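Have a look at the structure below, then the notes.
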Amino acid sequence: MNLICIDPGHPSFNGDRLRAPAGALINEPTATMCIALCCAAHLYRHGVLSILTRLPDLNPAYPVSLRKRIADANSQPIADALISIHTNASTNTAASGFEVFHHPGSVEGKRLAAAIASTFQLSSVVQMPSRGVHEGRFYVLKHSSMPAVLVECGFLTNAHDQEIIAGQYNDCGVLIAQGCLVWLSK
């Protein structure tokens, strides 16, 4: 039995991390949680267990820090991978597309990132440009004890991407899960 840790990035208690313009259809904490739950459900339907590093933000008195979320993921001795789900933002509202990061030197992280990026690129449902697969030194990648990727599911500051993120979060979650399933099968 496989196990995937899913990190819905940026709890809503980090007010500086909402990264959505005023009047946005959705903010990052809500988007990442919705995408993560859909990803977990799709993995489960295909016989893969998953653990979320945080639950929906119900009590602002108890935020879950990034450090704790990654430590909790690392405490799962049989976990195959960690997928951290995010949305992007830019002062350039024309910036658009998804991208996937892996830690430099992580062969399996790079394979997982490529598999997830490929499912997005081949999708006829989620129409979003690819910004590619990149190396990144994000905390979640650097401190994970297992292959890890960080998926940016589009820009909340781009009207087209925002519509996809808000209206097709299920599809985004399924695409991430499908990429993970491809990676697990090889």
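The values are calculated or read from the model by the stated rules, or taken from the named source; none is laboratory data. These figures come from a predicted structure and were not determined experimentally. Cβ placement follows ideal geometry from the backbone for every residue including glycine, while neighbour counts extend to all protein chains displayed.
Of all the criteria given as (1) closer than 20 Å to Leu3 by Cα; (2) assigned to a helix (DSSP H, G or I); (3) within 14 Å of the chain's Cα centre (by Cα), the one not satisfied by Ile85 is (2). It is to be established whether one or more residues within segment 45-58 are closer than 17 Å to Val151 by Cβ, assigned to a helix (DSSP H, G or I) and in contact with a Leu (Cβ under 9 Å, 6 or more places away or on another chain). Among the residues of segment 45-58, not one is closer than 17 Å to Val151 by Cβ, assigned to a helix (DSSP H, G or I) and in contact with a Leu (Cβ under 9 Å, 6 or more places away or on another chain), which makes the answer no. Of the listed requirements (1) under 26 Å from Val182 (Cβ atoms); (2) exposed (fewer than 15 other Cβ atoms within 10 Å of the Cβ); (3) modelled with pLDDT under 95; (4) of a type outside the set (Phe, Trp, Tyr), Ala31 misses just one: (2).
On inspection, Arg45 qualifies as within 23 Å of Asn170 (Cβ to Cβ) and either surrounded by fewer than 21 Cβ atoms within 10 Å (Cβ to Cβ) or charged (D, E, K, R) (or both). For Val182, state whether it is aliphatic (A, V, I, L, M), surrounded by 24 or more Cβ atoms within 10 Å (Cβ to Cβ), modelled with pLDDT of 95 or more and under 20 Å from Leu3 (Cβ atoms). Taking the combined requirement at face value, the residue does not satisfy it. Residue under question is Glu135, and the condition is that it be modelled with pLDDT of 95 or more, farther than 22 Å from Arg54 by Cα and surrounded by fewer than 22 Cβ atoms within 10 Å (Cβ to Cβ); does it hold? It is true that Glu135 is modelled with pLDDT of 95 or more, farther than 22 Å from Arg54 by Cα and surrounded by fewer than 22 Cβ atoms within 10 Å (Cβ to Cβ). The single condition among (1) surrounded by fewer than 20 Cβ atoms within 10 Å (Cβ to Cβ); (2) in a loop (DSSP other than H, G, I, E, B) that Gln121 does not meet is (2).
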